[in-house]
1. For region 103-124, indicate whether the set of residues that are under 23 Å from HIS135 (Cα atoms) and under 14 Å from the mean Cα position of the chain (by Cα) is non-empty.
2. So if I check each of ALA128, ALA101, ALA140, which one is in contact with a Ser or Thr (Cβ under 7 Å, 6 or more places away or on another chain) and closer than 25 Å to SER89 by Cα?
3. Across region 66-77, which residue is farthest from ARG139 (Cα to Cα) among those that are loosely packed, with under 11 Cβ neighbours inside 10 Å and of a type outside the set (A, V, I, L, M, F, W, C)?
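The values are calculated or read from the model by the stated rules, or taken from the named source; none is laboratory data. This structure is a prediction, so every number in the text was calculated from the model and none was measured. We place every Cβ from the backbone using ideal geometry, glycine too, and count neighbours over all the protein chains shown. Each accessible area value is taken on the protein alone, full model and side chains, heavy atoms only, with ligands, DNA and RNA left out. Shrake-Rupley method; radii C 1.70, N 1.55, O 1.52, S 1.80 Å.
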Amino acid sequence: TLFDCGLGAADAEFAAAQTAMVAILQGLLDLDPLADRAAVTLAEATILERAREYIRLHAHEQDLTIAEILSAVNVSRSYLFRVFARAGSTPLRYLSDVRTARARQELASLSERRPGAVKEIARRNGFATPRSLRHALARAS
């Protein structure tokens, strides 16, 4: 037990709280259908969720950049990419997955085809053109 290692009650409580926080954060990641379960440390899980949340909130912006994501989560480029790599992805791949999933959902809910509908859906979901949306949908299939 922790007490056998010479840790005091406060240290044991801190370790228990940290373990609980990791479980909660991993549970939050599990709620995201695009999330991976490989985030290992509390710091990585926190950074990964903050970056994913920022991406989800700003995915509709065509000009969203890695620099903006880095600024939002306040980490270096290499650390962000390393955290995403441990989760089996990249920030840009996650951004593409979010955009594609949202556009696919909107396309599926179209009750009728109308001129310009695909262009509007593409634009609302951060794609520059309907063609770029089609390419993203093809890559995701």
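1. No, region 103-124 has no match at all.
2. ALA140
3. Only one residue tops the list, namely ASN74.
This table checks each residue for (1) open to solvent by 60 Å² or more (accessible area, probe 1.4 Å); (2) touching a residue at least 40 places away in the same chain (Cβ under 8 Å); (3) out of contact with any Cys (no Cβ under 7 Å at 6 or more places or on another chain); (4) assigned to a helix (DSSP H, G or I).
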{"residue": "ARG50", "(1), (2), (3), (4)": "yes, no, yes, yes"}
{"residue": "TYR79", "(1), (2), (3), (4)": "no, no, yes, yes"}
{"residue": "SER89", "(1), (2), (3), (4)": "no, yes, yes, no"}
{"residue": "SER96", "(1), (2), (3), (4)": "no, yes, yes, yes"}
{"residue": "THR100", "(1), (2), (3), (4)": "no, yes, yes, yes"}
{"residue": "GLN105", "(1), (2), (3), (4)": "yes, no, yes, yes"}
{"residue": "GLU112", "(1), (2), (3), (4)": "yes, no, yes, no"}
{"residue": "VAL118", "(1), (2), (3), (4)": "no, no, yes, yes"}
{"residue": "ARG131", "(1), (2), (3), (4)": "yes, no, yes, yes"}
